[in-house]
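Since the structure comes first, as structure tokens, the remarks are kept for the end.
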Amino acid sequence: QGGGIGWWTPIGIFAAGDPDKAAAEVRKMCAIWKAPLERDFAAAVVACVAEGCKVDATYETMVEAMLRQCGKCARALLERAIRIAGQAHDTWDLAERIYCEMLMHETAALLEITPADPPTDADAPLPRIHGHLDCTDEPYTTYFWAEQIPIALAAFVFGHGKPESLPICINIGRDCDTTGTTIGAWLGALHGMDCLPKEWVDQVCSANS
């Protein structure tokens with residue numbers, strides 16, 4: 001499960017303004033090796049991109065476009081993220097709530113299926129959570145979309161779809177190259193490719209010269 005959610009972003013751009021078309025195309029393309037729950041998440045992410053390309057799009061309409069693509073399990077995971085975003089008072093409260101309620105399991109076993117993996121059925125019950133993690137310098141993450149996409153959505157909603165939602169997302173941690181890529185695609189669709197402050201872009205380019 002998981003891996004490569006950023007691969008599908010171009011489909012949201014090719015189908016700009018048509019979330020249902022973007023989602024349907026991604027479902028066909030990833031059906032060979034992605035389980036039903038993952039297909040829901042891939043479809044939801046690209047639908048969000050395609051919706052964001054509309055002239056009158058808002059972050060709220062993007063969230064609605066996502067939810068329309070989801071079966072029972074993916075929808076429940078995303079709605080939990082939206083609820084948590086609405087309850088949080090600041091970035092660190094958001095992170096605390098996410099770490100208490102939304103994490104899957106601590107270290108994913110990349111090449112084997114374990115009992116700690118999330119379900120794969122679109123109508124499955126909510127997967128069990130890992131539970132609260134204390135601050136640590138030890139590496140821990142997971143590649144499961146069942147954790148990553150809700151974290152990205154929580155940050156996007158908490159930040160009201162503004163560019164500030166990207167550093168909010170990154171500061172939450174976990175698999176933040178994936179969550180950052182996802183939220184970056186949504187921001188680009190909604191605000192355009194020049195939406196990020198130049199000093200942010202320059203700093204990243206400098207660090208990755």
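The values are calculated or read from the model by the stated rules, or taken from the named source; none is laboratory data. All of these numbers come straight from a predicted model, not from anything done at the bench. Positions of Cβ are generated from backbone atoms using ideal geometry, with glycine treated the same way; all protein chains shown enter the neighbour counts. SASA here: full protein model, heavy atoms, side chains in, ligands and nucleic acids out. Shrake-Rupley method; radii C 1.70, N 1.55, O 1.52, S 1.80 Å.
Below are the figures for this structure:
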| quantity | calculated |
| --- | --- |
| Calculated FRET value between Ile32 and Leu126, using beta carbons and R₀ = 25 Å, to 0.05 | 0.40 |
| Cβ-defined net charge surrounding Ala65, 11 Å radius [Lys, Arg +1; Asp, Glu -1] | -3 |
| Span-rule helices in the chain, defined as complete DSSP H runs reaching 20 Å or more along the axis (Cα) with Kyte mean at least -1.0 | 36-52, 72-87, 176-191 |
| Full-extension gain in nm, Leu67 to Trp92, via 0.36 nm per residue minus C-alpha separation | 6.4 nm |
| Sequence-distant residues sharing a close amide H with Gly159 (under 5 Å, placed H) | none |
| Residue with peak Gaussian network fluctuation, the chain [Cα springs, cutoff 10 Å], from Cys176, Cys195, Cys73 | Cys195 |
| Most fluctuating residue given options Asp177, Asp194, Asp18, as computed from a GNM of the chain linking Cα atoms under 10 Å | Asp194 |
| Size of segment 57-97 as Cα extents on the principal axes (Å, biggest first) | 30, 26, 11 |
| Environment charge of Gly161, counting only residues whose C-beta is closer than 14 Å and scoring Lys/Arg +1, Asp/Glu -1 | -3 |
| Within the chain, helix-based [θ] at 222 nm, where runs of 4 or more DSSP H residues each add -39,500 (n - 2.57), nearest 500 | -17500 deg cm²/dmol |
| The chain, relative contact order in percent, only Cα pairs under 8 angstrom and at least six apart counted | 23 |
| Spatial separation of Cα centroids for segment 57-76 and segment 148-180, in angstrom | 16 |
| Around Ala50: net Lys/Arg minus Asp/Glu count, Cβ-Cβ under 14 Å | -2 |
| Calculated semi-axes √(5λ) of the Cα gyration tensor in Å (choose from (1) 33, 18, 14; (2) 30, 22, 16; (3) 23, 22, 16), label | (3) |
| Trypsin sites (Lys or Arg not before Pro) within segment 121-209: DSSP coil, no more than 15 neighbouring Cβ in 10 Å | Arg128 |
| Within the accessible area of the chain (1.4 Å probe), percent carbon and sulfur | 56 |
| Residues whose placed amide H lies under 5 Å from that of Thr141, excluding near-sequence neighbours | Ala108 |
| For segment 1-115, convex hull volume per residue from C-alpha positions, Å³ | 121 |
| Tally of Lys pairs whose C-alpha atoms are under 26 Å apart, taken over the chain, 8 or more apart or cross-chain | 10 |
| Solvent exposure of the chain as accessible area per residue, Å², 1.4 Å probe | 49 |
| Separation of the Phe14 and Glu101 label points, Cα + 7 Å toward Cβ, nm | 3.7 |
